[in-house]
Every structure is written in C-alpha cells, then in structure tokens.
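These notes concern the structure reproduced below.
Derivation of every value follows stated rules applied to the coordinates shown; laboratory data play no part. Keep in mind that this is a model prediction, so the values were computed, not measured.
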C-alpha cells in the first residue's frame, strides 16, 4: 500500500450525515440506511466518486452497528483497490472469501483504515441506498451535487476521480464521455474560491466491469 501520514480516528465527514439521512427518506429504500463516504478525510491523494449504493452493501441494513461506507459486503471493487495497492493482500482475500453476512464491523473499519493510510477517500455521488441496482435518473443525482461539493471542499482532495459518464457529467455540469480522456487529461472544477482537478474514468464494476483494466490504468497514472 502507498505511504501516507499516520491516520487519525476520523474517517468520515459526519456534519454532512443529517442531510444524507433526509435525502434517503426521499430517494432511497424505506428499510435501508444511506451509505456515507469514508477514508482519508484530510487532503487525500484522491477522492474516488462512484454512483450510488445498493442493498448489497451490508452496512445499509438495520442491525449494522459499524461504519457505513461504500462497497462493504460486496466483492466487485476490491480487486481494483488491491491491484492499485490501496489494501493489503490479507484484506483483499477476505473480501473475496467472506460471505455477505460474514462481514463484521471490525473488518469494515480495518479495511477503511487501510484506504485511509493509502490516502484514499471513497464516496458515491448519491448516498441514497436502493434495494437493487436500478438506474437513477440525473434528477436524483442532482439533488446531491451541492452536498458532494461541500464534501470535496471539506476534504480538499488532491485529485477527484469521477467514475462513469453520468457521474462525470453531473459533477462537471456538461456532457462527458470518459473515453475521450487519456493519460492524465483532466477538467477543473471550481467550488467557490477553490479549484479541484477532476479526472473522468471508466466505470469499473457492474455493466462496466469489462472496463476495469482501463479504469485501473488511468487511475494508476493519475494517482502516483
């Protein structure tokens, strides 16, 4: 894993959570909880922005008493995080062998500590958890844009990696095709008096899983 300053106990921006809780009631599954961003919250090397959580995330369910963060209880994204050096071989192995109901709050915290130590913050544009992987409309995602901008401003990532055409287009407020961005090509996002470098990248999971090698190649170039 990459080196970074010793992590603090803080791995989430909790002041934003009440707003995400309210939006869950409007846009999420009635029996599910919102899933917040987590990882390195102080000037990380990169903020990785995905789409939205689903009920496959074990932390979105009642009874979970640990960290609520992206991709917990799933298998698909961890191969990429492992190949990029963000998590250990041991933790990666667990993500692939543990059954959904075998994920523990302790393991969830430990794997996000590894992401934190690697200088990585992981979040979704929309935090509303859906029961399934239904496609969200742009109008739903746009309800989260201002909150994402607050999240970016508070965390101050060195780079923002936006996964997929839809996420990239909504963040940048213009049509984006990720296949047009090569190497370290970027866009600049201005939030009040600050500027942040945004890198549109192929979506690496679900229907975009075939593009994971392309996504990893670009992320590796961008985040050194």
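Observations on the model:
- Taking 0.36 nm per residue of separation and subtracting the Cα-Cα distance, full extension of the segment from residue 21 to residue 182 would add 54.3 nm.
- Inter-part distance where the stretch 200-224 and the stretch 55-80 are each reduced to a Cα centre, Å: 21
- Mean silhouette area of the stretch 14-222, derived from the convex hull of its C-alpha atoms and averaged over all directions, reads 10.6 nm².
- Spatial offset of the stretch 19-52 relative to the stretch 147-177 amounts to 13 Å, using the alpha carbon center of each.
- Value of [θ]222 nm, deg cm²/dmol, for the chain, DSSP H segments ≥ 4, -39500 (n - 2.57) each, nearest 500: -9500 deg cm²/dmol
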